[in-house]
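Remarks on the structure that follows.
The values are calculated or read from the model by the stated rules, or taken from the named source; none is laboratory data. As the structure is a computational prediction, the values presented were derived from the model and not from experiment. Ideal geometry is used to build each Cβ from the backbone, glycine not excepted, and the neighbour counts take in all protein chains shown.
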Amino acid sequence: MRSCSEQLALAAILSLLVAGCQDNLERRDTISLAAGDAIEANKAIHIIDPWPARSVDTRIPTSARRVADAIERYEARANGPAVIAPGPLPLAPMPIAPTGVVTP
């Protein structure tokens, strides 16, 4: 019969040998539950088309010149009291919205 210390040493050695057979859960090449937003990751993996139909519409119904003027006015106000007088706004025709989308 083996002593308690021998049994403890044998159990420790066996547990180290079995631990070497563990799956590499921490270094997988797939998304795991610890990788962030698991619900959204599962939706993206398991749903054929998880994004809404309107996400493919990349037409922005505004003029880039108007956006640039707005940025300049904002930066001028943030940097000092000087205010840039806005020029006349060019009116660009609004693109036709896809069905189901209401434009102002």
Exercise for review: Have a look at 2, 66, 59, 54 and point out the one that is in a loop (DSSP other than H, G, I, E, B) and at pLDDT 75 or above.
Suggested key: 59
Review point. If we scan segment 78-93, do we find a residue that is in a helix (DSSP H, G or I) and either at pLDDT 75 or above or charged (D, E, K, R) (or both)?
Key: no
Point to revise | Residue within segment 36-52 that is out of contact with any Ser or Thr (no Cβ under 6 Å at 6 or more places or on another chain) and on the phi > 0 side of the Ramachandran plot present | key: yes
